[in-house]
Amino acid sequence: MKKNLGSISMISLLALSMVAAGCGKASSTSTPAPAASAAATTAPKSNEPTVEIQLMFPGTPQKDVALVEAEANKYLKDKLNVTLKINAVDWGQWDNKLNLMIASGEPSDIIFTAAWQRYAINVAKGAFLELGPLIDKDAPDLKKELDPAFFEGSKINGKNYGIPTNKELAAMRGVVYRKDLAEKYQMDVSKVKTWADLEQMLKVIKENEPGITPFAMSATGNGVFDALDWDSLGDGSIPGVISKVGKSTKVLNQLETPEYLDIMKLTRAWFKAGYINKDAATTGADLPKAGKAFMWAEGLKPGKAAEVESYLGYKIGQIDLTVPTITTGDASGAMLAISKSSKNPDKAMQVIGLLHSDKYLNNLINFGIEGKHYVKKSENVIDVAPGIDPKNHPYNPGAQWELGNQFLNYLMANEDPKKWDLFKEFNSKGVKSQGLGFSFDAEPVKSEIAAVVNISKQYEAAIRTGSVEPEPAIAEYLAKQKAAGVDKIIAEKQKQFDAFLAANKK
């Protein structure tokens, strides 16, 4: 894709401030708020059959999902003449479930996708519909609500195949940790400046808390790898990176860099010391939710700890370890796509439009039913309903960042009331990657990518969790990558990136 970087100079915060200012009044479940989008305000024809729209995203299945669906369906029947099926798929099963669905052509509708979740690869497979015409017809207000950088940054070959969540544009990496244990052992987190600085904290937990994993990792989650502040130039599953904050425009295979080897050596040292759970490479187990983890890596933003705290039910702190950056991958870091197999793509787009514009529906899907799952403390602040243990909440998906428009979300009582203002400030501090606006088109090398991605399944989790010695494993991994055509992928990415840079020279 080609675009003028100046046109998104960064980052039209006016649009964000308008959204934040426009959250409007919240309404109770008995008096739903009127929807704002054209799709939402168009009454369905009386002779139209009611259709079911499936919403599929990675997350923990919720006990009370059927109750929430029933409330949503009362609302959506009048709005769009649709019913909604909410399908949360455990993170550990997500990749396999999605791949099987795409391969089989199983009918589905709205599917979560992201630059780090093989977005470009699945677009190259033809799994998702091109959304431009559907946006214009069924959810035109999305173009007013979303900052243009979201749409531009998530294009592939000039076309949109996903609608980004309206949230923070900048991103940084670091860790979250249990505050109670940090306070118990008088840890001074202000002294932590690098990932290596975390080691002393992990050592204390290992020596004194036998039932707690010092640094929790899973096969599908974040890890010490997050220390590598790289821009994948679109889909993070496809080899080829540049530094987010550097000046070089040379596309590198991360496996060939000394930085990759160094961070994997650190991870291996932590694994051998017993800081990382032994089953990290094979499990999707949620140690934090069970209260059995001290620390784990996260993508961070203002107030991330408070968000995590709200669904874990215990005090959480965060340590920021990279500067805020803005990349194409951040713009496409959480999106809703429409499956090519959808029988009702127009209705699916209308539902996406409501998740971005309708405060009642957005908060119903994210927080459940007022009075049963949460209570209001004020117009826009909520808390867990009396009698509910946050650790065993019957409906608290924690998926706000995946679904629609975060600026419509209620705030939990433990969150900063100025959260959305902090988001805008955070975005304004974001360092723009030289790859901002570029998204790799996987089509010319899709066969090589398919082969390389299959190889990554054999090696990636074991190396990134420290479960194997990095040097021989990386060497073997790289050799198989080479045989599968990784150099052709890197060359094609460099070619496209060079053309993008040339087209956008000022």
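Taking the Cβ of LEU361 as the center, what net charge do the other residues with Cβ under 10 Å away carry, scoring Lys and Arg +1 and Asp and Glu -1?
0
Compare the peptides 303-309, 497-503 by average per-residue count of other Cβ atoms within 10 angstrom and give them in order, highest first.
Result, highest mean first: 303-309, 497-503.
When 1/r is averaged over all different Cα pairs and the result inverted, which Kirkwood radius in Å belongs to the chain?
One decimal place: 23.5 Å for the Kirkwood radius.
I'd like the distance between the alpha-carbon centres of the range 84-140 and the range 246-302, rounded to an integer number of Å.
With the range 84-140 and the range 246-302 each reduced to a Cα centre, they are spaced 27 Å.
Which value in Å is the Kirkwood Rh of the range 120-249 over different Cα pairs?
Averaging 1/r across every pair of different Cα atoms and inverting gives 18.7 Å.
In whole Å, how far is the Cα centre of the range 164-225 from that of the range 305-383?
24 Å
Taking the highest mean first, how do the peptides 111-117, 155-161 order by number of other beta carbon atoms within 10 angstrom per residue?
Working: 111-117: 23.1, 155-161: 19.3.
Order by mean packing, descending: 111-117, 155-161.
If amide H atoms are built 1.01 Å from N in the plane of the peptide, which residues on other chains or at least 5 residues away come under 5 Å of the amide H of THR282?
Result for THR282 returns ALA219.
Please report the relative contact order for the range 114-273, taking Cα pairs under 8 Å with a sequence separation of at least 6, and give it as a percent rounded to a whole number.
Value for the range 114-273: 23 percent.
Order of 64-70, 234-240 by packing, highest average Cβ count within 10 Å first?
On the way: 64-70: 16.1, 234-240: 24.9.
Highest mean packing first, the order is 234-240, 64-70.
Stretch LEU422-LYS63 to full length: gain in nm at 0.36 nm per residue minus the Cα-Cα span?
Separation in residues times 0.36 nm, less the Cα-Cα distance, equals 125.9 nm.
Could you size up the charge dipole of the chain around its Cα centre, putting +1 on the beta carbon of Lys and Arg and -1 on that of Asp and Glu, and report it in debye to the nearest 20?
About 500 debye.
Taking every alpha carbon pair in the range 346-407, what does the distance histogram look like in 5 angstrom bins from 0, in percent?
4, 17, 26, 24, 16, 8, 4, 1, 0
Report the gain in length on full extension from LYS289 to SER104: 0.36 nm times residue separation, minus Cα-Cα distance, nm rounded to one decimal.
63.3 nm
If we count every other residue with Cβ under 13 angstrom of PRO58's Cβ, Lys/Arg +1 and Asp/Glu -1, where does the sum land?
Local net charge: -2.
Could you tell me the convex hull volume per residue, in Å³, taken over the Cα atoms of the range 122-164?
Considering the Cα atoms of the range 122-164, their hull volume per residue is 66 Å³.
List the chymotrypsin sites (Phe, Trp or Tyr not before Pro) within the range 179-234 that fall in a DSSP loop (any state other than H, G, I, E or B) and whose Cβ has at most 15 other Cβ atoms within 10 Å.
Those that pass, being in a loop and sparsely packed, are TYR185.
Hey, what do the phi angles of the range 102-109 turn into as Karplus ³J(HN,Hα) couplings, whole Hz, using 6.51/-1.76/1.60 and θ = phi - 60°, x for Gly and Pro?
In residue order, the calculated couplings are 5, 5, 8, x, 4, x, 7, 10 Hz.
Computed over the Cα atoms of the range 325-377, what is the ratio Rg over Rh, Rh following Kirkwood?
Reported Rg/Rh, Kirkwood definition of Rh: 1.11.
Could you provide, to the nearest whole Å², the per residue accessible area of the chain with probe 1.4 Å?
41 Å²
Can you check what the net charge comes to around ALA491, using other residues whose Cβ is under 13 Å from the Cβ of ALA491 (Lys, Arg +1; Asp, Glu -1)?
+1
What is the set of long-range amide H partners of ILE163 at a cut-off below 5 Å, with H atoms built 1.01 Å from backbone N?
Under 5 Å from the amide H of ILE163 lie the amide H atoms of LEU336, ALA337, each far enough along the sequence or on another chain.
May I ask you to give the percent of accessible area on the range 340-411 that is carbon plus sulfur, with a probe radius of 1.4 Å?
After summing per-atom areas, the C and S share lands at 46 percent.
Run the numbers for THR282 and ASP136: contour at 0.36 nm per residue of separation, minus the present Cα-Cα distance, in nm. Intermediate values should be presented prior to the final figure.
Values: separation 146, 0.36 × 146 = 52.56 nm, distance 4.34 nm.
Roughly 48.2 nm would be gained on extension.
D for the range 76-142, whole µm²/s, Stokes-Einstein with Kirkwood Rh over alpha-carbon pairs at 4 °C and 1.567 mPa s: what number?
This corresponds to a translational diffusion coefficient of 92 µm²/s.
Hey, if you put +1 on the Cβ of every Lys and Arg and -1 on every Asp and Glu Cβ in the chain, which of PRO345, GLY303, ILE212 ends up farthest toward the positive end of that dipole?
PRO345
May I ask for the Kirkwood hydrodynamic radius of the range 202-323, worked out over all distinct Cα pairs and given in angstroms to one decimal? Mind dumping the intermediate values first?
On the way: mean 1/r = 0.0624 Å⁻¹.
Computed over Cα pairs of the range 202-323, the Kirkwood hydrodynamic radius comes out at 16.0 Å.
Provide, as a two-decimal number, the C-alpha radius of gyration of the range 275-354 over 2.2 N^0.38 Å, N being how many residues it has.
On the way: Rg = 17.8 Å, N = 80, 2.2 N^0.38 = 11.6 Å.
Normalised Cα radius of gyration, the range 275-354: 1.53.
Check ILE382: other-chain or 5+ apart residues with amide H under 5 Å from its amide H, H built from backbone geometry?
Residues meeting the criterion, in which the H sits 1.01 Å from N, are LYS377, LEU411, MET412, ALA413.
The values are calculated or read from the model by the stated rules, or taken from the named source; none is laboratory data. The model shown is predicted, which means the values in this text are computed figures rather than measured ones. Using ideal geometry, Cβ is built from the backbone for each residue, glycine included, and neighbour counts are taken over all protein chains shown. Heads up: the accessible areas ignore ligands, DNA and RNA and are worked out on the full protein's heavy atoms, side chains in. Shrake-Rupley method; radii C 1.70, N 1.55, O 1.52, S 1.80 Å.
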